[in-house]
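Quick notes on the structure that follows.
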Amino acid sequence: MTGSMVSIGECMVEMAPTQDGLYSRGFAGDTFNTAWYLARLMPEGTTVDYYTAVGTDGLSDRMIAFMGDGGVGTSHIRRLSDRTVGLYMIELANGERSFIYWRGTSAAKRLASDRAALAEALVGRSLVLFSGITMAIIDAEDRDAFLSALQTARGNGATIVFDPNMRARLWPDAQTMRDTITAAASVADIVLPSFDEDQREFGDTDPQATIARYRALGVGCVVVKNGAGVVYAQDGDEMATFEPVAVKNVVDTTAAGDSFNAGFIAARLGGAGLRISIEKGSRLAAQVVQKRGALVDIAD
Ligand code: ADP
């Protein structure tokens, strides 16, 4: 099937250490990573766009070019002359990775401030994807209008997909985060949480409790990722579980959840059953965690 998808959020410049104090530059971000994998997985003829705001400088140009090279459409991306893209550096100490961010004034914070541009980016979409990071980084006064725009797209036939991706440090306090995540999930048809986060932030006792909490908001389909543990899913009355393939050599779990989302969405939209779809997501994520970086070459 063909269709028109848009993923919305922030893509950042990634500086990853190579050797002797040198870094290599990449581009990544949760919702962008999912778009990048979707562009690989969806049948020819499907549009996969990214919607964000970037600067007008050369680095922003290179980010846009990188997206295009990955098959991700960039025609709706806003360009703001007074801002630029956010950046993070990966620090390696004793084999442990940590991340340092510069995103406080990034252009992406303003992605929902031009209501007309946002509405236009949503026209004619069969699927719209966003995350808890999207909600966290956009200016607080834009959040309600952003969710209304998604509601409108949903009313026009778009399937809305939400990954809660809760990052406490992006939020002023835990209650604001929980309230906003709950409001965002309430406009979604498909919610793709990760159990460790929902356990930590909402006190869910098990993945079934996570499913029940989102379903109580009216969400039809909930898929609960769980690292190396069993994935639980429910869509309407259909329930499924899948035990991920055991990966012996986990190299880098960056984008495990993002790639899972793409594998799941592509399979489900292609008409696969719930269990097969979570298996596809898991198999893609299992490939991704065996390589360094968020965006890795994948086998079919
Ligand atoms: P996130 O990256 O959002 O925290 P998870 O850690 O839950 O998400 O991982 C997402 C998916 O990636 C899991 O549901 C699983 O399919 C796969 N995955 C992650 N870690 C492993 C692992 N160690 N072994 C096998 N599969 C894994």
Inset, instruction - Of the conditions (1) crowded, with 20+ Cβ neighbours inside 10 Å; (2) within 13 Å of the ligand (Cβ to nearest atom); (3) basic (Lys, Arg), residue 268 clears all except one; give me its number. - result: (2)
Inset, instruction - Give the residue that is surrounded by the most Cβ atoms within 10 Å (Cβ to Cβ), with candidates limited to residues of the stretch 28-52 that are among the hydrophobic types (A, V, I, L, M, F, W, C) and touching a residue at least 60 places away in the same chain (Cβ under 8 Å). - result: 35
Inset, instruction - Determine whether residue 229 is in contact with a strand residue (DSSP E or B) (Cβ under 8 Å, 6 or more places away or on another chain) and touching a residue at least 24 places away in the same chain (Cβ under 8 Å). - result: no
Legend entry - Subset of the stretch 138-171 [polar (S, T, N, Q), more than 16 Å from the ligand (Cβ to nearest atom) and part of a loop (DSSP other than H, G, I, E, B)]: 156
Legend entry - Any hit, the stretch 176-195, residues being over 23 Å from residue 5 (Cβ atoms), touching a residue at least 12 places away in the same chain (Cβ under 8 Å) and within 11 Å of the ligand (Cβ to nearest atom): yes
Inset, instruction - Return the residue satisfying two criteria in turn: it lies in the stretch 271-293 and is more than 10 Å from the ligand (Cβ to nearest atom) and under 25 Å from residue 66 (Cβ atoms), and of such residues it is surrounded by the fewest Cβ atoms within 10 Å (Cβ to Cβ). - result: 292
Inset, instruction - Keeping to the stretch 1-11, report how many residues are part of a loop (DSSP other than H, G, I, E, B), touching a strand residue (DSSP E or B) at 6+ places or on another chain (Cβ under 7 Å) and hydroxyl-bearing (Ser, Thr, Tyr). - result: 0
Inset, instruction - Taking residue 246 as the residue in question, decide whether it is part of a loop (DSSP other than H, G, I, E, B) and away from the ligand (no atom under 13 Å from the Cβ). - result: no
Inset, instruction - Just give me the residues in the stretch 205-219 being touching a strand residue (DSSP E or B) at 6+ places or on another chain (Cβ under 9 Å), farther than 22 Å from residue 282 by Cα and in a loop (DSSP other than H, G, I, E, B), in sequence order. - result: 217
Inset, instruction - Evaluate the following for residue 187: is it at pLDDT 95 or above, surrounded by 19 or more Cβ atoms within 10 Å (Cβ to Cβ) and part of a strand (DSSP E or B)? - result: no
Legend entry - Test result for residue 261, buried (at least 17 other Cβ atoms within 10 Å of the Cβ), touching a residue at least 12 places away in the same chain (Cβ under 8 Å) and near the ligand (Cβ under 8 Å from one of its atoms): no
Inset, instruction - Of the conditions (1) closer than 21 Å to residue 199 by Cβ; (2) at pLDDT 95 or above; (3) part of a loop (DSSP other than H, G, I, E, B), residue 271 clears all except one; give me its number. - result: (1)
Inset, instruction - Return a yes/no flag: does the stretch 222-238 have any residue that is assigned to a helix (DSSP H, G or I) and within 13 Å of the ligand (Cβ to nearest atom). - result: no
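The values are calculated or read from the model by the stated rules, or taken from the named source; none is laboratory data. Predicted, not measured: the structure shown is a model, and the values here were computed from it. Cβ: placed from backbone, ideal geometry, glycine included. Neighbour counts: every protein chain shown.
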